[in-house]
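Worksheet: one structure, shown below.
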Amino acid sequence: MLLRLVGFQGETDLSIETIGAVLGLALLDTLSPTVIGVTLFLLLARPQRAGALLAAYLGSVAIAYFGLGVLLMFGLGALVPAVDQIVWAWGQGALGIGLIVGSYYIPAKNPERASSRPQSFTMRAMLLLGLGTWLFEFATAVPYFGAIAIMTSAGLALAQWAPLLGVYVAIMVLPGVLLYLAWLALGERMRARFERWQEKLASGSRTALSWMIWIAGILILLGAVDTLFPQVAVVTPWGQRS
């Protein structure tokens, strides 16, 4: 089943498989510890101003990742036509396998990195923290770059990939919005639970990051298999491609 959409470069096919893979990676990206960690910290430390501060932080994260995605899509979009589709698919498959293998070698503790806690509670600090998330959290941005690669290899037109990228970044910051809504609804009754979650995030466990990278590798690899071996039925959560 294909959705027929008209883009700026003519009529192209936006398949359910492409949409499912990109949105699946977006859901995977909701496990990013930085967005969740900053949201919990703000809710616990400055509950009275959390709404405005979170809007600035989450908005800057979403805008930064959308802007980066636009630049990458235009850049890769210019490169892909010069590369044979089969060569590109083999490269995508190698990336997927590399991520799967690499997921087993994530250090037991997170390496030193920039603090994900704001040093001050101003709008400017939140904007800078959002940009810091964009600049320093590439380790947990593997699903994001995988989604960019999938949209590029699918040859989507601007009118197709731009809304899909917008939905991706919206889903990416959704945990922060949901945590804030839970705080609005239940207030201090959520404090003890939020503090426990914050402690788990601060423990530096490798499990979540390892699973994120492994699943991203699987999704990217499946996309490559679909191109390289079209005669093979690929079963995904959003359907089967024969």
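Can you compute the FRET efficiency between R189 and L44 using 1/(1 + (r/R0)^6), with r the Cβ-Cβ distance and R0 = 22 Å? Round to the nearest 0.05. Numbers along the way, then the final one.
Working: r = 13 Å, r/R0 = 0.60.
Result of the calculation: an efficiency of 0.95.
Just to confirm the filter: which GluC sites (Glu not before Pro) across the stretch 136-200 are DSSP coil and have at most 12 other Cβ within 10 angstrom of their Cβ?
Values: sites: E137, E188, E195, E199; in loops: E137.
For GluC sites (Glu not before Pro) across the stretch 136-200 that sit outside H, G, I, E and B with at most 12 neighbouring Cβ atoms in 10 Å, the list is empty.
Can you list residues whose amide H is under 5 Å from L14's amide H, if they're 5+ apart or on another chain and H is modeled 1.01 Å from N?
When sequence neighbours closer than 5 places are left aside, the close amide H contacts are L3, L5.
Rounded to whole Hz and in sequence order, give me ³J(HN,Hα) for the stretch 54-66 from the Karplus expression 6.51 cos²θ - 1.76 cosθ + 1.60, θ = phi - 60°, writing x for Gly and Pro.
5, 4, 5, 5, 5, x, 5, 4, 4, 5, 5, 6, 5
For I86 and V167, what does the FRET efficiency come to when R0 = 51 Å and r is the distance between their Cβ atoms, rounded to the nearest 0.05?
Numbers: r = 29 Å, r/R0 = 0.58.
Approximately 0.95, to the nearest 0.05.
With labels modelled as points extended 7 Å from the Cα through the Cβ direction, what inter-label distance (nm, one decimal) is found for L181 paired with W197?
1.3
None of the figures in this text is laboratory data; all of them are computed from the coordinates on show. Note that the structure is predicted; figures quoted are calculated from it, not measured. Glycine also receives a Cβ, built like all others from the backbone with ideal geometry; neighbour counts cover every protein chain displayed.
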